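Structure first, commentary second.
The values are calculated or read from the model by the stated rules, or taken from the named source; none is laboratory data. Remember, it's a predicted structure, so these values are computed and weren't measured experimentally. So basically every Cβ, Gly included, is an ideal-geometry build from the backbone, and we count neighbours across all protein chains shown. Quick note on the areas: whole protein, heavy atoms, side chains included, nothing else; ligands and nucleic acids left out. Shrake-Rupley method; radii C 1.70, N 1.55, O 1.52, S 1.80 Å.
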Amino acid sequence: MRLIIEHLKHEYDVQVLNNLNFSLDKYKSIAIIGVSGSGKSTLIRLLSGMEKPTSGNITINGVEVIGNEDYKKKVGFVFQNHNLFPHLTLKKNITLVLEKTRGKTKEEAESIAMSRLEQMHLADQVNKIPKNVSGGQAQRASIARALSVDPEIIFLDEPTASLDPILTNEVLTAVEELRDSGKEFIFVTHVMSFVKDFADYVIYMHEGQIHEHGLPEMLDKPKTEEFKKFMSQVR
Amino acid sequence: MNKQEKVINYSLALLTFFALILFVVLRQTQNFTLEPFENILPKILPSLGRTLFVSILSLFGSMIIGFIFYLMSKSKVKYFRALVDVFTEIIYGTPLLVMIIVMAFVIGPAFMSGSNSQAGLHRLGIIGIIIYMSPYMHNVFKAAFSSISEEQYMAMDLFGFTSYQKYRYIIVPQVIRILMPPLMNNFSLIIKGSALLHVLSYPEIYQLIYSETLRNFFFIEGFILLWAMYLIITIPLSALAKFAGMMLEI
């Protein structure tokens with residue numbers, strides 16, 4: 001993945017990201033870590049094109065991200081809470097997207113939905129609505145939905161934030177199974193073992209800035225006091 | 001509460017009320033008769049029909065205006081939002097009876113000349129109910145639409161749903177489930193509120209029975225009859241609201 005961030009600023013009521021400049025090349029799975037409120041979720045939303053920054057530019061793999069509707073169609077996003085449409089079954093959550101926004105026929109959509117749900121070990125849950133499955137199953141269905149549009153990049157924003165340790169493991173195992181899928185990943189998480197296993201590059205954010213970044217080995221050798229403190233808290 | 005428990009508890013509650021009614025009836029010292037109202041029997045159904053007609057009209061009218069208020073309250077134009085807030089405060093502090101009278105005799109004539117005919121007054125009275133209920137409907141819409149999380153809108157945008165598709169397949173099917181029960185409750189309020197149209201001599205059920213009591217002086221019987229008439233309409237509606245809520249529950 002070739003990522004270039006230039007003069008990126010974003011504010012809601014307060015400044016969340018302040019003049020971010022960053023670039024990297026060749027890595028396929030990038031983890032963004034940091035304490036709550038450090039700007040990780042904002043950054044991942046901006047990188048996915050879901051939100052527009054106050055100012056600045058983002059380019060991923062040579063494509064302008066901001067305001068680019070075509071780019072949005074090439075990404076998948078997994079939210080903190082599964083964010084499936086609650087009135088639709090797991091299967092319909094996928095087929096609706098494929099039929100209405102990707103021009104697939106009903107049969108094609110069904111076939112893709114089934115194969116993605118099977119990939120996430122949910123073949124026996126396809127006709128249930130989200131509230132009738134476990135949090136882990138719903139989150140895996142959300143990953144299946146993100147995969148169903150055949151994205152080039154998959155964004156995961158703390159996909160296990162609302163899950164207990166067993167369900168967290170269930171979801172992260174499902175994500176790890178995608179390692180050889182040919183997709184690229186940018187994800188936010190607090191599960192450091194997953195970062196070590198799955199990421200090939202790590203970005204540590206602190207107070208709206210990229211404070212440290214490097215290979216996953218950096219987790220064992222934090223340079224700054226802030227990162228040391230963070231690592232001591234998440235271990 | 002499982003189904004059997006529910007049946008038992010509701011049966012007990014009904015029995016309690018029947019016992020209370022029986023107690024009250026047995027304690028009465030004067031005779032109770034509906035005979036003086038026999039002469040208006042043929043008019044009861046048409047009057048009930050008119051009550052329902054104005055209520056349905058007011059329901060849809062206030063839904064439309066309430067939805068417009070909802071859109072205004074979500075507008076980027078702060079003036080629209082302020083306008084809705086101020087209007088809501090005014091209505092919340094206004095009794096429905098005052099609204100009907102003021103609409104029929106003050107506000108309405110200012111906008112429509114020749115509105116002082118009987119039919120014109122009735123129309124303005126109904127408009128009064130519509131205007132009065134609109135902020136309440138606005139609240140119903142606000143609550144229903146707020147049930148769709150910001151992240152769902154983000155997901156819809158990211159997948160590339162068009163506005164029509166968002167509303168048709170995702171927003172409306174969810175909102176309607178939440179909308180139904182409070183909408184039915186507001187409908188019940190409108191039905192009861194429509195009784196106030198009698199001040200404009202609109203021939204709905206309250207006006208029919210109340211005018212008869214003025215002739216026969218059987219006030220208590222008249223009001224009990226009225227009570228029964230409104231319960232005949234509102235209890236099935238309330239049951240329908242509960243049923244709709246249950247069927248549409250996510």
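Under a 5 Å amide H cut-off, with hydrogens placed 1.01 Å from N, A:F185 pairs with A:S29, A:I30, A:I154 among residues at least 5 apart or on other chains. Mean silhouette area of segment B:64-117, derived from the convex hull of its C-alpha atoms and averaged over all directions, reads 4.7 nm². Here's the list of lysines a cross-link from A:K106 could span, going by alpha-carbon distance under 29 Å and ignoring same-chain residues fewer than 8 apart: A:K72, A:K73, A:K74, A:K91, A:K92, A:K128, A:K131, A:K183, B:K166.
Rounded, prolate or oblate, given the Cα gyration tensor of segment B:201-245, with a/c below 1.5 counting as rounded? Oblate, because a/c is 1.5 or more while a/b does not exceed b/c. With a simple spin-label model that places each label point 7 Å from the Cα along the Cα-to-Cβ direction, the separation between A:S134 and A:R179 comes to 2.3 nm.
Placing A:R116, B:R215 in order of accessible area, with the largest value first and a 1.4 Å probe, yields B:R215, A:R116. Computed from the alpha carbon atoms alone, the convex hull of segment A:39-161 holds 107 Å³ per residue. Segment A:155-180 and segment B:75-133 have Cα centres spaced 56 Å apart. Given +1 at the Cβ of Lys and Arg, -1 at the Cβ of Asp and Glu and no other charges, the dipole of the protein assembly as shown around its Cα centre is 940 debye to the nearest 20. When chains B and A come together, the accessible area they lose, probed at 1.4 Å and totalled over both chains, is close to 2000 Å². For chain B, the calculated P(r) over all alpha carbon pairs, in 5 Å bins from 0 to the bin holding the longest distance, is 1, 5, 10, 13, 14, 14, 13, 11, 9, 6, 3, 2, 1, 0, 0 percent. Taking the Cα centre of segment A:1-111 as origin and assigning +1 to Lys and Arg Cβ atoms and -1 to Asp and Glu Cβ atoms, the resulting dipole is close to 300 debye.
Measuring with a 1.4 angstrom probe and ignoring ligands and nucleic acids, A:D200 comes out at about 50 Å² accessible. Taken along its three principal axes, the alpha carbon spread of segment A:111-235 comes to 50, 29, 23 Å, from the longest extent down to the shortest. Each part gets one Cα centre, and for segment A:102-141 versus segment B:12-51 those centres are 57 Å apart. For the protein assembly as shown, the Stokes-Einstein estimate of translational diffusion at 20 °C and a viscosity of 1.002 mPa s comes to 79 µm²/s, using the Kirkwood hydrodynamic radius over alpha-carbon pairs. At a probe radius of 1.4 angstrom, the accessible area of the protein assembly as shown per residue rounds to 51 square angstrom. For B:E150 and B:S117, FRET efficiency with R0 = 56 Å and r from the beta-carbon atoms, rounded to 0.05? That pair, B:S117 with B:E150, gives E of 0.65. The Stokes-Einstein estimate for segment A:84-150, based on a Kirkwood radius over Cα pairs and taken at 20 °C with 1.002 mPa s viscosity, is a diffusion coefficient of 190 µm²/s.
The listed residues B:Y206, B:Y167, once ranked by accessible area (1.4 Å probe) with the largest placed first, stand as B:Y167, B:Y206. With a Cα-only, solvent-free Debye model of segment B:1-71, what are the log10 I(q)/I(0) values at q = 0.13, 0.24, 0.26 Å⁻¹? Debye intensities relative to I(0), on a log10 scale: -0.88, -0.96, -1.04. Pair-distance distribution P(r) for chain A, from all Cα-Cα distances in 10 Å bins starting at 0: 8, 32, 35, 20, 4, 0 percent.
The listed residues A:K73, B:K166, A:K221, B:K76, once ranked by accessible area (1.4 Å probe) with the largest placed first, stand as B:K76, A:K221, A:K73, B:K166.
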